[in-house]
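Inspection log for the structure reproduced underneath, given as structure tokens.
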Amino acid sequence: MLNALLSKCGLNQSEQTVLLYLLNSPARTAGQVAKRTGLKRPTVYAILESLTQVELVTREVKDGVTHFSSIRPSIIPRVLKSHAKKRFDDVDSATDLLKSQLEKFSEIKQRDFAGYEISTLGTSDAVYSQLGEVFLEGDFCGIFNPQISMTAAGREVVLHVLEVTAKTQPNIRELAISGPDTDWYESKISNPNHTLKRLPAEMQLISDMIFVNNSVVLSHFDPDRELGIRIRQQGFYTSMLAIFEYMWAQAE
């Protein structure tokens, strides 16, 4: 009965064994506890540390030797209840934070339409999450304006991608609108197979575009509209890539 109740209060079998032994004994050393309970000494040390942290056991040094004692039996239920409440509060707080961190995944929605596989990205976090994956799928081409997309979150994604691609060395061709953020981006490129060409600063892009694995990813950063979309369809990919190749041939 006692063990079952302690289990419901969160103590495992070894913790119960040590606590019940100390309840029926005067102060003991870890070695004495290990000898009398039959538990291995490293296990006893870990259990005594855990029980001390939750305030079910106290420690006292006598003549240079650490002794452990149980708290008074009448206090144990209150202590267990207090720590159970703290664990609940910690979980409650963690789940609230987890919810906010997972929201970006719920904003990636997939659907099929007339042979087109379409993923829509409803938040900037979802866009950056998708781009972080896309950039590491292998060779790709892209058209983008770093002056718009290089937010703090964008730079974090970019630095990670450039670090990885410097090692994997895929073939990358990019057209970027000229500007100070483009200068910063180009200075970070160390992959010898990564080529960047510049477009005039006055050119306006409706969306950034990435061409990878027979799909096209379009993204923009207007919070009043859908932020991104990934389309998988061979014909669409081929047509859009042809536009990129034309622009690439014209760029300096």
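Rounded to the nearest 0.05, what FRET efficiency is calculated for Arg78 and Val164 with R0 set to 51 Å and r the Cβ-Cβ distance? Kindly include the intermediate steps, with their values, before the conclusion.
Working: r = 53 Å, r/R0 = 1.03.
Efficiency at R0 = 51 Å is approximately 0.45.
Full extension of the chain segment joining Phe88 with Ser7 gains 27.5 nm, where the gain is 0.36 nm per residue of separation less the Cα-Cα distance. Sequentially through segment 45-53, phi angles give Karplus couplings (6.51, -1.76, 1.60; θ = phi - 60°) of 4, 5, 5, 4, 5, 5, 5, 5, 5 Hz, Gly and Pro residues having no value and appearing as x.
Order of Asp90, Asp181 from fewest to most other C-beta atoms within 10 Å?
On the way: Asp90 10, Asp181 20.
Neighbour counts put them in this order, fewest first: Asp90, Asp181.
Sorting Ile243, Ile189 on the 10 Å Cβ count, fewest up front, what's the list?
Values: Ile243 12, Ile189 16.
The fewest-first ordering by Cβ neighbours comes to Ile243, Ile189.
Across segment 2-75, Cα pairs under 8 Å and at least six residues apart give a relative contact order of 31 percent.
Counting other C-beta atoms within 10 Å, which of Thr17, Thr66 has the fewest, and how do the rest follow? Could the numbers behind the result be given before it?
Values: Thr17 19, Thr66 12.
In increasing order of surrounding Cβ atoms, one gets Thr66, Thr17.
Evaluate the distance, in nm, between pseudo-label points positioned 7 Å from the Cα of Arg36 and of Ile118 along their respective Cα→Cβ axes. Between Arg36 and Ile118, the simple spin-label model gives 7.3 nm. As a calculated quantity, the FRET efficiency between Asp183 and Phe236 at R0 = 30 Å, using C-beta atoms, amounts to about 0.35.
List the pairs from Lys40/Lys86; Lys8/Lys86; Lys35/Lys62 whose alpha-carbon separation is above 23 Å, in the order I gave them. Lys40/Lys86, as the Cα separations exceed 23 Å there.
Bear in mind that the values in this text are calculations on the coordinates, not laboratory data. These numbers come from a predicted model, not from an experiment. Because the Cβ atoms are built from the backbone with ideal geometry, glycine has one as well, and the counts that use them run over all protein chains shown.
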